[in-house]
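Here the structure comes first, spelled out in C-alpha coordinates, and everything after it is commentary.
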Amino acid sequence: MIYFDNSATTQALPEVVDTYDKVSKSIWGNPSSLHNFGEQAFNLLEQSRKQIADLLHVHADEIYFTSGGTEGDNWVVKGTAIQKREYGKHLITTAVEHPAIHNSMEQLKQLGYEVTYLPVDDEGRISIDDLKKAIRPDTTLVSIMAVNNEIGTIQPIEEAAELLKKYPKIHFHIDAVQGIGKGIQEKIFNERVDFVTISGHKFHAPRGIGFIYGRRGRRIAQLMNGGGQEKNQRSGTENLPAVAAMAKALRLLLEKEPKANETEHQIKQLISDHISKFDKITIFSKNTDQFAPHILCFAIKGVRGETIVHAFEKYGIYISTTSACSSKKNVASSTLTAMHVPEDVSTSAVRISLGDQNTLDEAKEFIKVFDQLYEEFDKLS
Ligand SMILES: Cc1ncc(COP(=O)(O)O)c(C=O)c1O
(Lines give C-alpha, C1' and ligand atoms only; values in the text may rest on other atoms or scores of the structure.)
Protein backbone atom coordinates (compact mmCIF):
# COMPACT_ATOMS: atom_id res chain seq x y z
CA MET A 1 0.00 0.00 0.00
CA ILE A 2 1.01 3.59 -0.57
CA TYR A 3 -0.16 5.77 2.29
CA PHE A 4 -0.46 9.38 1.18
CA ASP A 5 -2.90 10.52 3.91
CA ASN A 6 -0.49 11.57 6.65
CA SER A 7 -2.34 14.80 7.44
CA ALA A 8 -5.35 12.72 8.49
CA THR A 9 -3.23 10.58 10.77
CA THR A 10 0.03 8.65 10.84
CA GLN A 11 0.95 5.14 11.80
CA ALA A 12 2.26 4.93 15.37
CA LEU A 13 5.90 3.84 15.01
CA PRO A 14 6.84 0.42 16.45
CA GLU A 15 9.46 1.97 18.77
CA VAL A 16 6.86 4.51 19.96
CA VAL A 17 4.30 1.76 20.59
CA ASP A 18 7.05 -0.10 22.43
CA THR A 19 7.46 2.82 24.84
CA TYR A 20 3.67 2.98 25.28
CA ASP A 21 3.59 -0.73 25.99
CA LYS A 22 6.47 -0.69 28.48
CA VAL A 23 5.10 2.27 30.42
CA SER A 24 1.58 0.78 30.47
CA LYS A 25 2.95 -2.46 31.92
CA SER A 26 5.52 -1.17 34.36
CA ILE A 27 4.85 2.44 35.35
CA TRP A 28 1.11 2.39 35.69
CA GLY A 29 0.83 4.26 38.97
CA ASN A 30 -1.10 7.53 39.17
CA PRO A 31 1.33 10.49 39.03
CA SER A 32 -0.75 12.16 41.76
CA SER A 33 -0.39 9.28 44.25
CA LEU A 34 1.81 9.97 47.26
CA HIS A 35 3.56 6.58 47.43
CA ASN A 36 6.76 5.88 45.55
CA PHE A 37 4.94 4.00 42.76
CA GLY A 38 3.04 7.21 42.06
CA GLU A 39 6.23 9.20 42.37
CA GLN A 40 7.87 7.02 39.74
CA ALA A 41 4.99 7.86 37.36
CA PHE A 42 5.21 11.54 38.28
CA ASN A 43 8.94 11.55 37.56
CA LEU A 44 8.42 10.01 34.12
CA LEU A 45 5.67 12.52 33.37
CA GLU A 46 7.94 15.43 34.24
CA GLN A 47 10.88 13.89 32.41
CA SER A 48 8.73 13.61 29.26
CA ARG A 49 7.55 17.21 29.67
CA LYS A 50 11.16 18.37 29.97
CA GLN A 51 12.20 16.33 26.94
CA ILE A 52 9.44 17.92 24.83
CA ALA A 53 10.28 21.40 26.12
CA ASP A 54 14.00 20.94 25.41
CA LEU A 55 13.28 19.75 21.87
CA LEU A 56 11.26 22.90 21.24
CA HIS A 57 13.57 25.25 23.20
CA VAL A 58 10.85 26.30 25.63
CA HIS A 59 10.40 25.83 29.40
CA ALA A 60 8.98 22.60 30.81
CA ASP A 61 6.35 24.52 32.80
CA GLU A 62 5.02 25.90 29.50
CA ILE A 63 3.89 22.45 28.29
CA TYR A 64 0.37 21.24 29.19
CA PHE A 65 -0.73 17.80 28.07
CA THR A 66 -4.10 17.46 26.33
CA SER A 67 -6.00 14.78 24.44
CA GLY A 68 -4.94 16.20 21.05
CA GLY A 69 -5.37 19.05 18.60
CA THR A 70 -9.10 19.50 18.96
CA GLU A 71 -8.87 19.90 22.73
CA GLY A 72 -5.89 22.24 22.49
CA ASP A 73 -7.67 24.51 20.02
CA ASN A 74 -10.91 24.53 22.03
CA TRP A 75 -8.99 25.24 25.21
CA VAL A 76 -7.02 28.21 23.93
CA VAL A 77 -9.96 29.83 22.11
CA LYS A 78 -12.61 29.37 24.81
CA GLY A 79 -10.09 29.65 27.65
CA THR A 80 -8.95 33.04 26.38
CA ALA A 81 -12.53 34.21 25.76
CA ILE A 82 -13.53 33.34 29.32
CA GLN A 83 -10.33 34.54 30.99
CA LYS A 84 -10.33 37.92 29.26
CA ARG A 85 -14.08 38.55 28.98
CA GLU A 86 -13.90 41.66 31.17
CA TYR A 87 -11.39 43.26 28.80
CA GLY A 88 -13.16 42.49 25.55
CA LYS A 89 -15.21 40.06 23.55
CA HIS A 90 -13.66 40.32 20.11
CA LEU A 91 -11.64 37.47 18.62
CA ILE A 92 -9.78 37.27 15.32
CA THR A 93 -9.06 34.18 13.28
CA THR A 94 -8.85 33.20 9.62
CA ALA A 95 -11.46 31.95 7.17
CA VAL A 96 -9.46 28.74 6.62
CA GLU A 97 -9.07 27.27 10.10
CA HIS A 98 -9.74 23.70 11.15
CA PRO A 99 -13.27 23.15 12.56
CA ALA A 100 -11.74 22.87 16.07
CA ILE A 101 -11.06 26.62 15.85
CA HIS A 102 -13.92 27.64 13.55
CA ASN A 103 -16.65 25.88 15.49
CA SER A 104 -15.28 27.09 18.84
CA MET A 105 -15.52 30.63 17.49
CA GLU A 106 -19.06 30.00 16.24
CA GLN A 107 -20.07 28.74 19.68
CA LEU A 108 -18.62 31.87 21.28
CA LYS A 109 -20.61 34.02 18.83
CA GLN A 110 -23.77 32.47 20.22
CA LEU A 111 -22.62 33.56 23.68
CA GLY A 112 -22.27 37.20 22.62
CA TYR A 113 -18.66 37.33 21.39
CA GLU A 114 -17.74 38.89 18.06
CA VAL A 115 -15.44 37.12 15.64
CA THR A 116 -13.57 38.50 12.63
CA TYR A 117 -12.62 35.88 10.04
CA LEU A 118 -9.69 37.17 7.99
CA PRO A 119 -10.14 36.53 4.26
CA VAL A 120 -7.45 34.76 2.22
CA ASP A 121 -5.94 35.29 -1.23
CA ASP A 122 -5.83 32.76 -4.06
CA GLU A 123 -3.07 30.84 -2.25
CA GLY A 124 -5.12 30.59 0.94
CA ARG A 125 -3.03 33.19 2.78
CA ILE A 126 -4.18 36.05 4.99
CA SER A 127 -2.79 39.56 4.63
CA ILE A 128 -1.12 41.37 7.52
CA ASP A 129 -2.89 44.52 6.43
CA ASP A 130 -6.25 42.84 6.99
CA LEU A 131 -5.07 41.66 10.40
CA LYS A 132 -3.96 45.17 11.30
CA LYS A 133 -7.34 46.58 10.29
CA ALA A 134 -9.23 43.92 12.23
CA ILE A 135 -7.54 44.62 15.59
CA ARG A 136 -9.78 46.58 18.00
CA PRO A 137 -9.32 47.80 21.57
CA ASP A 138 -11.54 44.92 22.73
CA THR A 139 -9.67 42.19 20.80
CA THR A 140 -8.39 39.50 23.17
CA LEU A 141 -7.24 36.73 20.81
CA VAL A 142 -5.65 36.28 17.40
CA SER A 143 -5.61 32.64 16.33
CA ILE A 144 -3.87 31.65 13.09
CA MET A 145 -2.93 28.19 11.84
CA ALA A 146 0.72 27.63 10.92
CA VAL A 147 0.02 25.33 7.97
CA ASN A 148 -3.34 24.88 6.31
CA ASN A 149 -4.50 21.27 6.55
CA GLU A 150 -6.24 21.25 3.16
CA ILE A 151 -3.76 22.85 0.79
CA GLY A 152 -0.59 23.37 2.87
CA THR A 153 -0.33 27.17 2.83
CA ILE A 154 2.08 28.54 5.43
CA GLN A 155 0.53 31.60 7.04
CA PRO A 156 2.65 34.73 7.69
CA ILE A 157 2.91 34.05 11.42
CA GLU A 158 6.23 35.83 11.87
CA GLU A 159 4.83 39.00 10.34
CA ALA A 160 1.69 38.65 12.46
CA ALA A 161 3.90 38.25 15.53
CA GLU A 162 5.80 41.40 14.60
CA LEU A 163 2.56 43.35 14.31
CA LEU A 164 1.21 41.94 17.56
CA LYS A 165 4.25 43.21 19.47
CA LYS A 166 2.40 46.52 19.41
CA TYR A 167 -0.58 44.86 21.13
CA PRO A 168 1.02 42.97 24.03
CA LYS A 169 -2.28 42.23 25.78
CA ILE A 170 -3.73 40.20 22.92
CA HIS A 171 -3.21 36.44 23.15
CA PHE A 172 -1.56 35.11 20.00
CA HIS A 173 -2.32 31.46 19.29
CA ILE A 174 -0.92 29.19 16.57
CA ASP A 175 -2.61 25.95 15.59
CA ALA A 176 0.56 24.08 14.61
CA VAL A 177 -1.01 20.64 14.20
CA GLN A 178 0.08 20.48 10.54
CA GLY A 179 3.17 22.64 11.02
CA ILE A 180 5.27 20.68 13.49
CA GLY A 181 8.25 18.92 11.92
CA LYS A 182 7.94 20.91 8.70
CA GLY A 183 10.99 23.10 9.17
CA ILE A 184 9.18 26.10 10.65
CA GLN A 185 9.54 25.56 14.42
CA GLU A 186 11.40 28.87 14.81
CA LYS A 187 8.49 30.74 13.29
CA ILE A 188 5.96 28.87 15.41
CA PHE A 189 7.71 29.18 18.77
CA ASN A 190 8.59 32.80 18.17
CA GLU A 191 8.93 35.20 21.09
CA ARG A 192 5.53 36.88 20.52
CA VAL A 193 3.56 33.63 20.25
CA ASP A 194 1.68 32.88 23.47
CA PHE A 195 -0.02 29.56 22.75
CA VAL A 196 0.63 26.69 20.34
CA THR A 197 -1.51 23.59 19.72
CA ILE A 198 0.19 20.28 18.88
CA SER A 199 -1.34 16.85 18.23
CA GLY A 200 0.61 13.60 18.69
CA HIS A 201 -1.06 11.35 16.13
CA LYS A 202 0.12 13.56 13.26
CA PHE A 203 3.73 12.53 13.97
CA HIS A 204 3.55 8.82 14.77
CA ALA A 205 2.49 9.06 18.43
CA PRO A 206 -0.69 7.30 19.58
CA ARG A 207 -4.16 8.88 19.18
CA GLY A 208 -5.66 10.93 21.96
CA ILE A 209 -2.53 12.74 23.11
CA GLY A 210 -1.18 16.20 22.41
CA PHE A 211 -0.13 19.32 24.22
CA ILE A 212 -0.38 23.03 24.21
CA TYR A 213 2.50 25.38 24.76
CA GLY A 214 1.42 28.30 26.98
CA ARG A 215 3.87 31.12 27.55
CA ARG A 216 4.81 31.83 31.17
CA GLY A 217 2.62 34.56 32.59
CA ARG A 218 -0.22 34.09 30.08
CA ARG A 219 -3.40 32.71 31.60
CA ILE A 220 -6.43 31.02 30.09
CA ALA A 221 -9.46 29.67 31.92
CA GLN A 222 -9.62 25.94 32.56
CA LEU A 223 -12.13 23.94 30.57
CA MET A 224 -11.45 20.63 32.32
CA ASN A 225 -12.24 21.08 35.99
CA GLY A 226 -11.48 18.34 38.43
CA GLY A 227 -8.53 17.04 40.41
CA GLY A 228 -6.13 19.84 39.51
CA GLN A 229 -3.63 18.04 37.30
CA GLU A 230 -1.35 19.99 34.94
CA LYS A 231 -0.72 22.72 37.52
CA ASN A 232 -4.45 22.99 38.10
CA GLN A 233 -5.00 24.07 34.48
CA ARG A 234 -6.23 20.84 32.88
CA SER A 235 -7.70 18.22 35.16
CA GLY A 236 -7.87 14.52 34.42
CA THR A 237 -5.52 11.65 35.28
CA GLU A 238 -2.58 11.99 32.91
CA ASN A 239 -2.24 9.54 30.01
CA LEU A 240 1.32 8.70 30.96
CA PRO A 241 2.06 5.91 28.43
CA ALA A 242 0.89 8.18 25.60
CA VAL A 243 2.83 11.17 26.98
CA ALA A 244 6.07 9.17 27.12
CA ALA A 245 5.40 7.74 23.66
CA MET A 246 4.70 11.23 22.27
CA ALA A 247 7.96 12.59 23.71
CA LYS A 248 9.81 9.83 21.88
CA ALA A 249 7.84 10.41 18.65
CA LEU A 250 8.67 14.12 18.78
CA ARG A 251 12.36 13.39 19.21
CA LEU A 252 12.30 11.01 16.23
CA LEU A 253 10.31 13.50 14.15
CA LEU A 254 12.81 16.28 14.72
CA GLU A 255 15.79 13.99 14.12
CA LYS A 256 14.38 12.98 10.74
CA GLU A 257 12.99 16.41 9.88
CA PRO A 258 15.54 17.86 7.40
CA LYS A 259 15.87 14.67 5.36
CA ALA A 260 12.14 13.90 5.52
CA ASN A 261 11.17 17.42 4.41
CA GLU A 262 13.61 17.21 1.53
CA THR A 263 12.12 13.92 0.32
CA GLU A 264 8.57 15.18 0.80
CA HIS A 265 9.44 18.24 -1.23
CA GLN A 266 10.91 16.10 -4.05
CA ILE A 267 7.85 13.83 -4.09
CA LYS A 268 5.51 16.81 -4.20
CA GLN A 269 7.53 18.39 -6.99
CA LEU A 270 7.68 15.19 -9.03
CA ILE A 271 3.96 14.56 -8.80
CA SER A 272 2.89 18.15 -9.38
CA ASP A 273 5.25 18.61 -12.35
CA HIS A 274 3.74 15.50 -13.90
CA ILE A 275 0.05 16.11 -13.27
CA SER A 276 0.24 19.79 -14.22
CA LYS A 277 0.64 18.69 -17.87
CA PHE A 278 -2.94 17.45 -18.00
CA ASP A 279 -5.55 20.02 -18.97
CA LYS A 280 -8.27 19.00 -16.50
CA ILE A 281 -5.94 19.45 -13.53
CA THR A 282 -5.88 22.45 -11.21
CA ILE A 283 -3.14 22.45 -8.57
CA PHE A 284 -3.71 24.53 -5.44
CA SER A 285 -0.49 23.78 -3.51
CA LYS A 286 2.56 25.55 -4.91
CA ASN A 287 6.14 24.30 -4.72
CA THR A 288 7.46 27.42 -3.00
CA ASP A 289 8.70 27.91 0.56
CA GLN A 290 5.35 29.56 1.28
CA PHE A 291 3.80 26.09 1.27
CA ALA A 292 4.53 23.12 3.50
CA PRO A 293 6.43 20.31 1.76
CA HIS A 294 3.95 17.56 2.62
CA ILE A 295 0.59 18.66 1.21
CA LEU A 296 -0.43 18.59 -2.44
CA CYS A 297 -4.02 19.49 -3.23
CA PHE A 298 -5.35 19.31 -6.77
CA ALA A 299 -8.64 18.95 -8.62
CA ILE A 300 -9.58 16.93 -11.70
CA LYS A 301 -12.31 18.88 -13.43
CA GLY A 302 -15.59 17.04 -13.76
CA VAL A 303 -14.72 14.18 -11.38
CA ARG A 304 -15.87 14.23 -7.76
CA GLY A 305 -13.21 14.05 -5.07
CA GLU A 306 -14.60 10.85 -3.56
CA THR A 307 -14.58 9.16 -6.99
CA ILE A 308 -10.87 9.98 -7.31
CA VAL A 309 -10.12 8.74 -3.77
CA HIS A 310 -11.87 5.40 -4.37
CA ALA A 311 -10.26 4.97 -7.79
CA PHE A 312 -6.77 5.26 -6.29
CA GLU A 313 -7.79 3.04 -3.40
CA LYS A 314 -8.38 0.17 -5.86
CA TYR A 315 -4.63 0.34 -6.57
CA GLY A 316 -3.74 0.41 -2.88
CA ILE A 317 -3.02 4.15 -2.88
CA TYR A 318 -4.58 6.08 -0.02
CA ILE A 319 -5.27 9.77 -0.52
CA SER A 320 -8.20 11.84 0.72
CA THR A 321 -10.66 14.50 -0.22
CA THR A 322 -9.37 17.77 1.14
CA SER A 323 -9.58 16.93 4.84
CA ALA A 324 -10.44 13.91 6.92
CA CYS A 325 -13.15 15.87 8.76
CA SER A 326 -14.99 17.01 5.64
CA SER A 327 -14.54 13.81 3.64
CA LYS A 328 -17.71 12.07 4.80
CA LYS A 329 -19.83 15.20 4.93
CA ASN A 330 -20.03 15.73 1.19
CA VAL A 331 -19.22 19.42 1.48
CA ALA A 332 -16.76 21.50 -0.50
CA SER A 333 -13.41 22.26 1.12
CA SER A 334 -13.73 25.29 3.38
CA THR A 335 -10.27 26.51 2.38
CA LEU A 336 -10.99 26.34 -1.35
CA THR A 337 -14.37 28.00 -0.77
CA ALA A 338 -12.66 30.84 1.12
CA MET A 339 -10.28 31.15 -1.87
CA HIS A 340 -13.37 31.62 -4.09
CA VAL A 341 -12.69 28.44 -6.03
CA PRO A 342 -15.96 27.58 -7.83
CA GLU A 343 -17.88 24.71 -6.24
CA ASP A 344 -17.64 22.44 -9.30
CA VAL A 345 -13.84 22.61 -8.97
CA SER A 346 -13.59 22.45 -5.16
CA THR A 347 -15.77 19.35 -5.00
CA SER A 348 -13.32 17.73 -7.44
CA ALA A 349 -10.35 18.34 -5.18
CA VAL A 350 -8.22 15.73 -3.45
CA ARG A 351 -5.27 15.92 -1.07
CA ILE A 352 -2.05 13.96 -1.05
CA SER A 353 -0.35 14.35 2.33
CA LEU A 354 3.13 12.97 2.81
CA GLY A 355 5.12 11.79 5.78
CA ASP A 356 8.64 10.72 6.62
CA GLN A 357 7.94 7.14 5.54
CA ASN A 358 7.10 8.01 1.92
CA THR A 359 9.61 7.47 -0.90
CA LEU A 360 10.28 8.67 -4.44
CA ASP A 361 9.50 5.16 -5.71
CA GLU A 362 6.01 5.54 -4.29
CA ALA A 363 5.68 8.84 -6.15
CA LYS A 364 6.66 7.10 -9.41
CA GLU A 365 4.10 4.37 -8.76
CA PHE A 366 1.47 7.04 -8.04
CA ILE A 367 2.24 8.70 -11.38
CA LYS A 368 1.82 5.42 -13.26
CA VAL A 369 -1.58 4.85 -11.68
CA PHE A 370 -2.53 8.48 -12.22
CA ASP A 371 -1.89 8.19 -15.98
CA GLN A 372 -4.10 5.14 -16.20
CA LEU A 373 -6.89 6.68 -14.14
CA TYR A 374 -6.77 10.02 -15.92
CA GLU A 375 -7.71 8.33 -19.19
CA GLU A 376 -10.73 6.79 -17.47
CA PHE A 377 -11.66 10.09 -15.80
CA ASP A 378 -11.29 11.88 -19.10
CA LYS A 379 -13.91 9.64 -20.69
CA LEU A 380 -16.12 9.93 -17.62
CA SER A 381 -16.15 13.72 -17.56
C1 LIG B 1 -4.90 22.15 11.52
C2 LIG B 1 -5.54 21.16 12.44
N3 LIG B 1 -5.94 21.55 13.66
C4 LIG B 1 -6.51 20.71 14.53
C5 LIG B 1 -6.72 19.37 14.21
C6 LIG B 1 -7.36 18.45 15.19
O7 LIG B 1 -6.40 17.58 15.77
P8 LIG B 1 -6.82 16.20 16.45
O9 LIG B 1 -7.12 15.25 15.35
O10 LIG B 1 -5.62 15.81 17.24
O11 LIG B 1 -7.98 16.47 17.32
C12 LIG B 1 -6.32 18.92 12.94
C13 LIG B 1 -6.56 17.52 12.54
O14 LIG B 1 -6.53 17.19 11.39
C15 LIG B 1 -5.71 19.83 12.05
O16 LIG B 1 -5.30 19.45 10.82
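The values are calculated or read from the model by the stated rules, or taken from the named source; none is laboratory data. This one's a predicted model, so the numbers in the text were calculated from it and none came from an experiment. Here the Cβ is made from the backbone with ideal geometry for all residues, glycine too, and neighbour counts use every protein chain on show. Heads up: the accessible areas ignore ligands, DNA and RNA and are worked out on the full protein's heavy atoms, side chains in. Shrake-Rupley method; radii C 1.70, N 1.55, O 1.52, S 1.80 Å.
Scan the stretch 229-236 and give yes if some residue there is closer than 24 Å to THR9 by Cβ and crowded, with 18+ Cβ neighbours inside 10 Å, otherwise no. Yes: the stretch 229-236 contains one or more residues that are closer than 24 Å to THR9 by Cβ and crowded, with 18+ Cβ neighbours inside 10 Å. The strands (runs of 3 or more DSSP E) falling completely within the stretch 268-381 that include 3 or more residues that are within 16 Å of the ligand (Cβ to nearest atom) map to 295-300, 349-353.
Annotation note: of LYS182, LYS133, the sole residue that is surrounded by fewer than 17 Cβ atoms within 10 Å (Cβ to Cβ) and charged (D, E, K, R) is LYS133.
Within the stretch 20-31, residues that are farther than 16 Å from GLN47 by Cβ sit with their Cβ atoms under 7 Å from residues that are surrounded by fewer than 17 Cβ atoms within 10 Å (Cβ to Cβ) and small (Gly, Ala, Ser), at 6+ positions apart or across chains, in these pairs: ASN30/GLY38. Scanning the stretch 146-171 for residues that are away from the ligand (no atom under 16 Å from the Cβ) and within 16 Å of the chain's Cα centre (by Cα) returns a single hit, PRO156. Read through the list (1) open to solvent by less than 10 Å² (accessible area, probe 1.4 Å); (2) within 17 Å of ILE174 (Cβ to Cβ); (3) away from the ligand (no atom under 16 Å from the Cβ), then give the number of the only condition that THR93 fails. Condition (3) is where THR93 drops out. Residues that are surrounded by fewer than 21 Cβ atoms within 10 Å (Cβ to Cβ) and at positive phi within the stretch 96-129 comprise just one, GLY112. Number of residues in the stretch 182-195 that are without any contact (Cβ under 8 Å) to a residue 60 or more places away in the chain and not in a loop (DSSP other than H, G, I, E, B): the value is 3. State whether the residues of the stretch 203-221 include one that is in a helix (DSSP H, G or I) and at pLDDT 95 or above. Yes: the stretch 203-221 contains one or more residues that are in a helix (DSSP H, G or I) and at pLDDT 95 or above.
The set of residues from the stretch 151-174 being under 28 Å from ILE352 (Cα atoms) and open to solvent by less than 10 Å² (accessible area, probe 1.4 Å) comprises ILE151, GLY152, THR153, GLN155, ILE157, HIS173, ILE174.
Report whether or not SER127 is more than 16 Å from the ligand (Cβ to nearest atom) and at pLDDT 95 or above. It is true that SER127 is more than 16 Å from the ligand (Cβ to nearest atom) and at pLDDT 95 or above.
A count restricted to the stretch 2-16 and to residues that are over 19 Å from the mean Cα position of the chain (by Cα) and surrounded by fewer than 18 Cβ atoms within 10 Å (Cβ to Cβ) stands at 2. Residues in the stretch 237-251 that are open to solvent by 20 Å² or more (accessible area, probe 1.4 Å) and in a helix (DSSP H, G or I): PRO241, LYS248, ARG251. Pairs are defined by a Cβ separation below 7 Å, a sequence spacing of at least 6 or placement on different chains, a first member in the stretch 104-131 that is free of Cβ contacts under 8 Å to residues at least 12 places away in the same chain, and a second member that is open to solvent by less than 40 Å² (accessible area, probe 1.4 Å); the pairs so defined are LYS109/VAL115. Within the stretch 362-379, residues that are open to solvent by 30 Å² or more (accessible area, probe 1.4 Å) have Cβ atoms under 8 Å from residues that are in a helix (DSSP H, G or I) in these pairs: GLU362/ILE267; LYS364/LEU270; GLU376/ALA311, counting only partners at least 6 apart in sequence or on another chain.
For the stretch 59-87, residues that are open to solvent by 10 Å² or more (accessible area, probe 1.4 Å), under 30 Å from VAL115 (Cα atoms), of a type outside the set (Asp, Glu) and more than 16 Å from the ligand (Cβ to nearest atom) total 5.
Return yes or no: is LEU141 open to solvent by 10 Å² or more (accessible area, probe 1.4 Å) and of a type in the set (A, V, I, L, M)? Talk me through it step by step, then tell me what you get.
Values: open to solvent by 10 Å² or more (accessible area, probe 1.4 Å): no; of a type in the set (A, V, I, L, M): yes.
No.
Pairing each residue of the stretch 1-16 that is under 21 Å from ILE151 (Cβ atoms) with any residue that is at pLDDT below 95 and open to solvent by 10 Å² or more (accessible area, probe 1.4 Å), provided the two are 6+ apart or on different chains, yields C-beta distances under 6 Å for ALA8/ALA324. Figure legend. Inter-residue proximity from the stretch 169-181: first residues over 16 Å from ASP5 (Cα atoms) and outside any loop (DSSP other than H, G, I, E, B), second residues open to solvent by 10 Å² or more (accessible area, probe 1.4 Å) and more than 8 Å from the ligand (Cβ to nearest atom), beta-carbon distance below 7 Å, spacing 6+ or different chains. Indicated pairs: HIS171/ARG218; PHE172/ARG192. Counting the residues of the stretch 186-219 that are at negative phi, open to solvent by 10 Å² or more (accessible area, probe 1.4 Å) and more than 16 Å from the ligand (Cβ to nearest atom) gives 9.
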